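Encoded as structure tokens, the structure appears first; notes follow it.
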Amino acid sequence: KQEVTQIPAALSVPEGENLVLNCSFTDSAIYNLQWFRQDPGKGLTSLLLIQSSQREQTSGRLNASLDKSSGRSTLYIAASQPGDSATYLCAVRPQTGANNLFFGTGTRLTVIP
Amino acid sequence: KAGVTQTPRYLIKTRGQQVTLSCSPISGHRSVSWYQQTPGQGLQFLFEYFSETQRNKGNFPGRFSGRQFSNSRSEMNVSTLELGDSALYLCASSLGALQAQYFGPGTRLTVL
């Protein structure tokens, strides 16, 4: 069974810092990987989707990388802002293409003004 | 385009009752998936519907069921509620199986 782990579980940084969130998965047979953010008590907001054939995706200050063979993805956030404070989740879709995502445990990010 | 909407946003039920949650996907999206989120288990996949057919099912008891209508709107039903069913239930829609999933705000279910 696919297991997805995110380290660290919580992270606190001063505003303006660049930071990296990590995601690892046990089964490299994935179709794609998606990063989300979740604000307290709210639903998930899609940030980036990386197909298994891709190495990187960028959107604004966010950059996600994928190393499928080693079972790792990172989310890089440049010049962090207090509004970036949220829980960040990664999720992998199995190679079968089935639309059931396996989610990580999340990293709770706090950006201190 | 309007996002994924879920109703109701909050529900309080007692053990043994049943509940129905509703999800309206983004216009044009035919795939609807449901997830349960709890502090202990995190986000877990319940089931997925595509063109009114259940295509995938997670590891949940038969008390959890769902359906999808011809306009792609979906409902999930939980019968004989247990305390452990208290959770945030999230619905996600996508254009197809391999596309990004977009989530609604969730329904917070509390079972007393």
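Shape class of the range A:1-109 from the Cα gyration tensor (axes a ≥ b ≥ c, square roots of the eigenvalues): prolate, since a/c reaches 1.5 or more and a/b is larger than b/c.
Using bins of 5 Å that start at zero, the share of Cα-Cα pairs per bin across chain B amounts to 2, 13, 24, 26, 19, 10, 4, 1, in whole %.
Computed from point charges on the beta carbon alone (+1 for Lys and Arg, -1 for Asp and Glu), the dipole magnitude for the range A:26-78 about its Cα centre is near 100 Debye.
Over the range B:40-112, accessible surface divided per residue gives 43 Å², non-protein components excluded, 1.4 Å probe. Would you please classify the overall shape of the protein assembly as shown from the alpha carbon gyration tensor, given that a ≥ b ≥ c denote the square roots of the eigenvalues, rounded means a/c under 1.5, and beyond that prolate means a/b larger than b/c while oblate covers the rest? The shape class here is prolate.
Listed values for the range B:34-42 are Karplus-derived 3J(HN,Hα) couplings in whole Hz (6.51 cos²θ - 1.76 cosθ + 1.60, θ = phi - 60°), namely 10, 9, 10, 10, 10, x, x, 9, x, and x replaces Gly and Pro. Each label point was placed 7 Å from the Cα along the Cα-to-Cβ direction; for B:Q18 and A:T5 their separation is 4.2 nm.
Taking R0 as 41 Å, what FRET efficiency do you get between A:S12 and B:N71 from their Cβ-Cβ distance, rounded to the nearest 0.05? After rounding to 0.05, the efficiency reads 0.35. Placing +1 on each Lys and Arg Cβ and -1 on each Asp and Glu Cβ, with no other charges, gives the protein assembly as shown a dipole about its Cα centre of roughly 500 debye. Probing with 1.4 Å while keeping every protein chain in the model, the per residue accessible area of the range A:1-81 equals 50 Å².
Summing Cβ point charges (Lys, Arg +1; Asp, Glu -1) relative to the Cα centre of chain A gives a dipole of roughly 240 debye. Rolling a 1.4 Å probe over the protein heavy atoms of the protein assembly as shown, with every protein chain left in place, gives an accessible area that is 49 percent carbon and sulfur. Pairs of Cα atoms nearer than 8 Å and 6+ residues apart set the relative contact order; for chain B it is 36 percent. Neighbouring Cβ atoms from other chains, within 10 Å of the Cβ of residues in B:20-31, number 0 on average. Of all DSSP beta bridges confined to the protein assembly as shown, the antiparallel ones make up roughly 90%.
A protection proxy built from the mean count of other Cβ atoms within 10 Å ranks the segments B:81-91, B:99-109, A:69-79, most packed first, as B:99-109, B:81-91, A:69-79. Placing pseudo-labels 7 Å out from each Cα toward the beta carbon at B:R108 and A:D39 gives an inter-label distance of 1.4 nm. Computed 3J(HN,Hα) for the range A:9-21, one whole-Hz value per residue from the Karplus formula 6.51 cos²θ - 1.76 cosθ + 1.60 where θ = phi - 60°, is 6, 8, 8, 10, 9, x, 3, x, 6, 8, 9, 10, 10, glycine and proline marked x. Given a Förster radius of 45 Å and the C-beta distance between A:A78 and B:S79 as r, what FRET efficiency does 1/(1 + (r/R0)^6) yield to the nearest 0.05? Plugging the Cβ-Cβ distance into 1/(1 + (r/R0)^6) gives 0.40. Note on chain B: antiparallel DSSP beta bridges, both residues inside, total approximately 90 percent of the bridges counted. Buried area at the B:A interface is about 1500 square angstrom, summed over both chains, from accessible surfaces computed with a 1.4 angstrom probe.
The residue among A:T87, A:I7, B:A2 whose Cα reaches farthest toward the positive pole of the charge dipole of the protein assembly as shown, with charges on the beta-carbon of Lys, Arg, Asp and Glu, is B:A2. Inter-chain neighbour count for B:41-47: the average number of beta-carbon atoms from partner chains within 10 Å of each residue's beta-carbon is 5.
The values are calculated or read from the model by the stated rules, or taken from the named source; none is laboratory data. From a predicted model like this one, the values you see are computed outputs, not experimental measurements. Here Cβ is always computed from backbone atoms with ideal geometry, including for glycine, and neighbour counts include all displayed protein chains. Ligands, DNA and RNA are excluded from the accessible area calculation, which covers all protein heavy atoms including side chains. Shrake-Rupley method; radii C 1.70, N 1.55, O 1.52, S 1.80 Å.
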